[in-house]
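Engineer: To start, I am sharing the structure in question, which I have written as structure tokens.
The values are calculated or read from the model by the stated rules, or taken from the named source; none is laboratory data. A quick note: this is a predicted structure, and the numbers were derived from the prediction, not measured. So basically every Cβ, Gly included, is an ideal-geometry build from the backbone, and we count neighbours across all protein chains shown.
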Amino acid sequence: MNQSFHMENRATLYDTLEPGTLLLSFAGSAPRQSADAYYPFFANRNFVYLTGLGGGEPHEFILMAQKDAGGVSETIFSLPPDSHAERWTGRRLKPDEIREKSGVKQIASVDTFPSAFHRAVSSGKIHTLALDLYKNLPGDEDDAAYRFAGHVSEAYPFLRVTNYHRQLCVQRTIKKPCEIEAMKKAMKVTRAGIEAMMRASKPGMYEYEYKAVYDHALTSRGVLAPAFPSIISAGENNFCIHYYSYTGQAKDGDMILNDVGACWDNECNDVSRGWPCNGKFTERQRQLYTCAYNTSEHMFHTIKPGIPMADVDVISHKYCCEQLKKLGLLSSYDEIGKYMWHGGAHHVGYDVHDAVDMTRPVSPGMVFCVDIGIYVQEWGIGFRVEDNCLVTEDGCVNLSADVPRTIEEIEAVMAGGRG
């Protein structure tokens, strides 16, 4: 993404603020893992969306924007140069580099943020503080925005605190052309990783070996980390939806389940495929895979603007139910939960489960997963067929259509027939 993308994102957000508002956005910091070890830094995605910063640079960036009748003034606070610290934690961006990435002209040391904030709110011009306040679960640990909100309630009780998280969800719902292009580039890498696993697959292979093949395909194409922790499992492990152990061994006849994605310029993919480790579908594997594939194809012929997002799940489950009934596995839709354990769609973007406006109906520019999972434990077969759907003006297109998805394509790749 270029500078103008992030400037436009901020401008759209600023338009929703009242004059007299001070907005803060925090990049965050790496949580402690154990003893003196910390997890790798992963910047708050809304901060990255607004500034373009946080893609591996040392943390502790803060964006402060003050809106008054004359417009908006912006400052990014960053870590100052420190040759000793940079030996340990990496090179810090210089002010000119921050300006080039973000389009914010005023750069200051993060050490000066407390005094700058105090001056702003003590000027008499600020009555509202806008923060990005979000918790996935009520018991989640407070992040930087929540901690700062607590500080403000005590030190500056006259400030009204508002939450702009909802507005960013609205903005992130519809992808801009540059975002879609980044997703397409990420998809080429995702495809390469999945095809590499298919070609390498054989009975006796461990899940961690599949993961190593996938990771090598990504890093050899300049993608140093996947979009999310890869889910790669074999046999019985396929019945854990979010499986991360990688310790199982594929037995002859087992299905391999992968749920993986690459990331390009902060845009994520999320693609799932299932295949027999020996390269040939059994009759039962073929029957169930055909159910999932037919359901996925039905969805890509059905999804169009105007459909309520909640209906995407319902339509996919009802169609797949009819497929499973033909196999004698179900007698009515009331039983669908026995074999379909999760929803059939979620948005992708800056997050793999993207933060979007879920009340909005299907609209042009949306990108979400069509995720058809079938888990038949009594047959020992579990997998999902998951593709990324880009909504157009009159329908949709499958961004992951080139990732082998028919039985014939998968068997051909595993036999070495496709480059």
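Engineer: What are the pairs, 6+ residues apart or on separate chains, where a residue within region 54-79 that is modelled with pLDDT of 90 or more has its Cβ under 6 Å from a residue that is of a type in the set (D, E) and in a strand (DSSP E or B)?
Structural biologist: A65/E74
Engineer: What residue, of Y210, Y206, is crowded, with 21+ Cβ neighbours inside 10 Å, closer than 24 Å to G373 by Cα and aromatic (F, W, Y)?
Structural biologist: Numbers: Y206 fails: crowded, with 21+ Cβ neighbours inside 10 Å.
Going through Y210, Y206 in turn, the sole match is Y210.
Engineer: Which count do you get for residues in region 34-84 that are of a type in the set (F, W, Y) and within 21 Å of the chain's Cα centre (by Cα)? Break it down into steps so the answer makes sense when it comes.
Structural biologist: Kept after step one, since they are of a type in the set (F, W, Y), are these residues of region 34-84: 38-39, 41-42, 47, 49, 61, 77.
Narrowing the set further to residues that are within 21 Å of the chain's Cα centre (by Cα) leaves 39, 41-42, 47, 49.
Within region 34-84, residues that are of a type in the set (F, W, Y) and within 21 Å of the chain's Cα centre (by Cα) number 5.
Engineer: I've got another one for you. Got at least one residue in region 285-295 being touching a Leu at 6+ places or on another chain (Cβ under 7 Å) and either farther than 17 Å from D387 by Cα or without any contact (Cβ under 8 Å) to a residue 40 or more places away in the chain (or both)?
Structural biologist: Step one: of region 285-295, the residues touching a Leu at 6+ places or on another chain (Cβ under 7 Å) are 287, 291.
If we keep only those that are either farther than 17 Å from D387 by Cα or without any contact (Cβ under 8 Å) to a residue 40 or more places away in the chain (or both) as well, we get 287.
Checking region 285-295: at least one residue is touching a Leu at 6+ places or on another chain (Cβ under 7 Å) and either farther than 17 Å from D387 by Cα or without any contact (Cβ under 8 Å) to a residue 40 or more places away in the chain (or both).
Engineer: Might you check whether a residue that is farther than 26 Å from L159 by Cβ and surrounded by 12 or more Cβ atoms within 10 Å (Cβ to Cβ) occurs anywhere in region 10-27?
Structural biologist: no
Engineer: For region 30-47, state whether one or more residues are in a strand (DSSP E or B), touching a helix residue (DSSP H, G or I) at 6+ places or on another chain (Cβ under 8 Å) and either farther than 21 Å from F117 by Cα or modelled with pLDDT of 95 or more (or both). Lay out the reasoning, then the answer.
Structural biologist: The first filter runs over region 30-47 and keeps only residues in a strand (DSSP E or B), leaving 32-34, 37-38.
Remaining after also requiring touching a helix residue (DSSP H, G or I) at 6+ places or on another chain (Cβ under 8 Å): none.
Checked region 30-47: no residue is in a strand (DSSP E or B), touching a helix residue (DSSP H, G or I) at 6+ places or on another chain (Cβ under 8 Å) and either farther than 21 Å from F117 by Cα or modelled with pLDDT of 95 or more (or both).
Engineer: With region 309-419 as the region, which strands (runs of 3 or more DSSP E) entirely inside it contain at least 2 residues that are closer than 28 Å to T173 by Cβ and out of contact with any Ser or Thr (no Cβ under 8 Å at 6 or more places or on another chain)?
Structural biologist: Values: elements: 345-347, 367-376, 381-391, 396-398.
Per the criteria, 367-376, 381-391, 396-398.
Engineer: Any residue that is modelled with pLDDT of 95 or more and polar (S, T, N, Q) - is there at least one of those in region 130-145?
Structural biologist: Within region 130-145, not a single residue is modelled with pLDDT of 95 or more and polar (S, T, N, Q).
Engineer: Run down A212, A196, A186, A155 and say which single residue is farther than 30 Å from K251 by Cα and assigned by TED's automatic domain parsing to the domain that holds D351. Write out each step before concluding.
Structural biologist: Values: A212 fails: farther than 30 Å from K251 by Cα; A196 fails: farther than 30 Å from K251 by Cα; A155 fails: assigned by TED's automatic domain parsing to the domain that holds D351.
Selected residue: A186, the only one of A212, A196, A186, A155 that is farther than 30 Å from K251 by Cα and assigned by TED's automatic domain parsing to the domain that holds D351.
Engineer: Looking at H151, H165, H127 in this structure, which one is surrounded by fewer than 19 Cβ atoms within 10 Å (Cβ to Cβ) and without any contact (Cβ under 8 Å) to a residue 40 or more places away in the chain? First the steps, then the outcome.
Structural biologist: Values: H165 fails: without any contact (Cβ under 8 Å) to a residue 40 or more places away in the chain; H127 fails: without any contact (Cβ under 8 Å) to a residue 40 or more places away in the chain.
When all the criteria are applied, what remains is H151.
Engineer: Taking region 75-101, which residues are touching a strand residue (DSSP E or B) at 6+ places or on another chain (Cβ under 6 Å) and either over 24 Å from P40 (Cβ atoms) or not in a loop (DSSP other than H, G, I, E, B) (or both)?
Structural biologist: If we filter region 75-101 for residues that are touching a strand residue (DSSP E or B) at 6+ places or on another chain (Cβ under 6 Å), which is where we start, we get 75-77, 80, 95, 98.
Passing the criteria: T75, I76, F77, P95, I98.
Engineer: Suppose the filter is within 26 Å of K135 (Cα to Cα) and at pLDDT 95 or above; does H347 pass it? Can you show your working first?
Structural biologist: Numbers: within 26 Å of K135 (Cα to Cα): yes; at pLDDT 95 or above: yes.
The answer is yes for H347.
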